[in-house]
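The values are calculated or read from the model by the stated rules, or taken from the named source; none is laboratory data. Quick caveat: nothing in here was measured; it's all calculated off a predicted structure. Every residue, glycine as well, gets a Cβ built from its backbone with ideal geometry; the counts of neighbours run over all protein chains shown.
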Amino acid sequence: MNAGKVAYFNYLDPFSLAAWLYPKAPNGAIMSSVEDVHEGSGYGLYLRDAKLRFHYTVRWTDLGMRLETQRPLELNRWHQVVLTYDGKRKASGVKIYVDGEDQPAKVLFDAMVWPLDNKAPFRIGAGEGPEDRFRGYIDEVRVYNRALSPEEAATLPVLETVPQIAAITPRKRTPAQANKIAYCFLDQFSPQDIQQARRALTDLERDREAYYDAIPTVMVMKEGSPRGAFVLKRGAYDAHGDKVSAGLPHVLPPLPEGYPNNRLGLARWLVNRSNPLTARVTVNRFWQMLFGVGLVKTVTDFGSQGEWPTNPELLDWLATEFMDSGWNVKAILKTMVMSATYRQSSKVTPALLEKDPENRLLARAPRFRLPAQVVRDQALAVSGLLVEKVGGPPVKPYQPPGLWEEVSFGDTYKPDDGDGLYRRSLYTFWKRTVAPPAMVTFDAADREMCAVRITRTNTPLQALDLMNDVTYLEASRKLAERVIKEGGSTPQTRIDYAFRLATARLPRAKESEVLLDALRQYEQRYRDKPEAAVQYIRQGKSGRDEKLDTSELAAYTAVASLILNLDETITKE
């Protein structure tokens, strides 16, 4: 019998199949949804030498799962058969019940690692060929889109109706009969609070399964015995010298007694308080992140070829504080940024600059260009576009069209819509071989190798990016809208507001004069060329405020772009 499109299940979908069987022959298909070819893809429940066999197949040779009951069915009598699958892609998640009893099964194949694209119809009593026709009777076929519990599977063979079971004294009822009448009571006649509790339990079980399913898994093959390692005489692979084993370099402290000589022991050694390196190296990198240069300038080399720390006592104290706080990164960073050293002015006299150009003496606050990610995030934040959501999958902000197609074999980069365009740069999708151009322009490290120290360059491309990239043009327009609405009613107050948002200070008289003069010129230009104003403010996917005058908005957008391009805006000082 062809039942049509009633039971399409992917390999992550739990399901159950149930039926009454009266087999007259030891071989045949009971229920199947398999392609019309020998050993085709699909799933099915079969009789093979009177044993129940289930298969779920993507490719018969290497993708799928198969298992078979150990005990054969008795022919020429009725049996109630139930198969359940929990959707976990393992043969251990398949259970077969005969007359309510869980049947021991032998796993024949277990490699379900690929989804099944099955469009074959659901057949009852037939498989992919005439030899699979079932000889006997099949009755009361049931298909469930969930895995039945053992208690539910045990109630299906119960022939008595609920009234008939109710007429039996409780002590004389079988466990299956008791379960059947209990399910009926819970479904139909139990008090409202019991039904609510049952539904809540079902929801919690579903949430638990969803939680476990969300835990990432990694495919790991069984590790073999370690291969011996030897000193190779004169570098020749076949000239073995002394046998060597894994261990720490002798110049470093040895593993403490009781530590295993493996990765776990190495991890414990790294964070052991007696280890002189881990805490010092880590806080030195934090110091470099905040001050531009580490207390040890050679952040990647604390050895004999590295530079001596400018303040060894400070480095030791910070390392001790870091360990005492429980390796609390936020706490140690807070300690650094709230120090008098970090909070002093970044102004520098010519004499001091000549004597200490890298600020190794810490006589002033650090001053250097913001990292690439912060340059973009600051523009989004000042304009009000930044979406401050924490966590979640990577996002795809603006990139030049056609970028991926050139180097990634036809892959296409499609920017996100909505919030994905305005998340922090931390969440930007990063293709290792095609880094975001704006990030590269501002010296973001590539993903080809580990980079501990960021290089900082000053190139014309950076200014061109800030003036022409759609990210910054859109941010300039939204900043302009913000200052028109929030910055007061006069050009002076609006310029002051925009400048303060970007630099955290008010403009000086000369700066105000230059910006106001630029605003007047832009207003005149865009009143004379309204089509240019429309073209200028249409950048980006965020909608503009239609209530604002187009020429005025374009003029303020141009001034906002000037402010976002200021050295002081993109520089930490």
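Residue-by-condition table, conditions (1) surrounded by 13 or more Cβ atoms within 10 Å (Cβ to Cβ); (2) in a loop (DSSP other than H, G, I, E, B):
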{"residue": "Gly420", "(1), (2)": "yes, no"}
{"residue": "Cys450", "(1), (2)": "no, yes"}
{"residue": "Asn458", "(1), (2)": "no, yes"}
{"residue": "Leu464", "(1), (2)": "no, no"}
{"residue": "Met467", "(1), (2)": "yes, no"}
{"residue": "Thr471", "(1), (2)": "yes, no"}
{"residue": "Ala480", "(1), (2)": "yes, no"}
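For Leu515, the requirement of being among the aliphatic types (A, V, I, L, M), in the same structural domain as Leu479 (by TED's automatic domain parsing) and crowded, with 20+ Cβ neighbours inside 10 Å is met. Within region 73-100, being within 42 Å of the chain's Cα centre (by Cα) and either not in a loop (DSSP other than H, G, I, E, B) or not assigned by TED's automatic domain parsing to the domain that holds Ser32 (or both) holds for Val81, Val82, Leu83, Thr84, Tyr85, Ala91, Ser92, Gly93, Val94, Lys95, Ile96, Tyr97. Scanning region 243-277 for residues that are assigned to a loop (DSSP other than H, G, I, E, B) and either in contact with a Cys (Cβ under 9 Å, 6 or more places away or on another chain) or among the aliphatic types (A, V, I, L, M) (or both) turns up Ala246, Leu248, Val251, Leu252, Leu255, Val271, Leu277.
The residues listed here are Leu380, Leu426; of these, the one that is on the phi < 0 side of the Ramachandran plot, modelled with pLDDT of 85 or more and either within 20 Å of the chain's Cα centre (by Cα) or part of a loop (DSSP other than H, G, I, E, B) (or both) is Leu426.
Considering (1) farther than 27 Å from Asp102 by Cβ; (2) surrounded by 13 or more Cβ atoms within 10 Å (Cβ to Cβ), say which one Ala167 fails and leave the rest. Failed condition: (2).
Somewhere in region 227-241, is a residue part of a helix (DSSP H, G or I), surrounded by 10 or more Cβ atoms within 10 Å (Cβ to Cβ) and over 35 Å from the mean Cα position of the chain (by Cα)?
yes
Of the residues making up region 23-39, those that are surrounded by 15 or more Cβ atoms within 10 Å (Cβ to Cβ) and either aromatic (Phe, Trp, Tyr) or more than 40 Å from the chain's Cα centre (by Cα) (or both) number 5.
Here the condition is being without any contact (Cβ under 8 Å) to a residue 60 or more places away in the chain and either surrounded by 17 or more Cβ atoms within 10 Å (Cβ to Cβ) or within 24 Å of Leu252 (Cβ to Cβ) (or both); of Glu307, Glu354, it holds for Glu307 alone.
For region 532-553, the set of residues classified as under 22 Å from Tyr398 (Cα atoms) and either touching a residue at least 40 places away in the same chain (Cβ under 8 Å) or of a type in the set (Phe, Trp, Tyr) (or both) consists of Tyr536, Ile537, Gln539, Gly540, Lys541, Ser542, Arg544, Asp545, listed by residue number.
If you go through region 385-418 and keep only what is buried (at least 16 other Cβ atoms within 10 Å of the Cβ) and either assigned by TED's automatic domain parsing to the domain that holds Ser346 or closer than 19 Å to Ser542 by Cβ (or both), you end up with Leu385, Leu386, Val395, Lys396, Pro397, Tyr398, Gln399, Asp416. Per the conditions (1) outside the structural domain of Leu21 (by TED's automatic domain parsing); (2) free of Cβ contacts under 8 Å to residues at least 60 places away in the same chain, the sole criterion not satisfied by Ser149 is (1).
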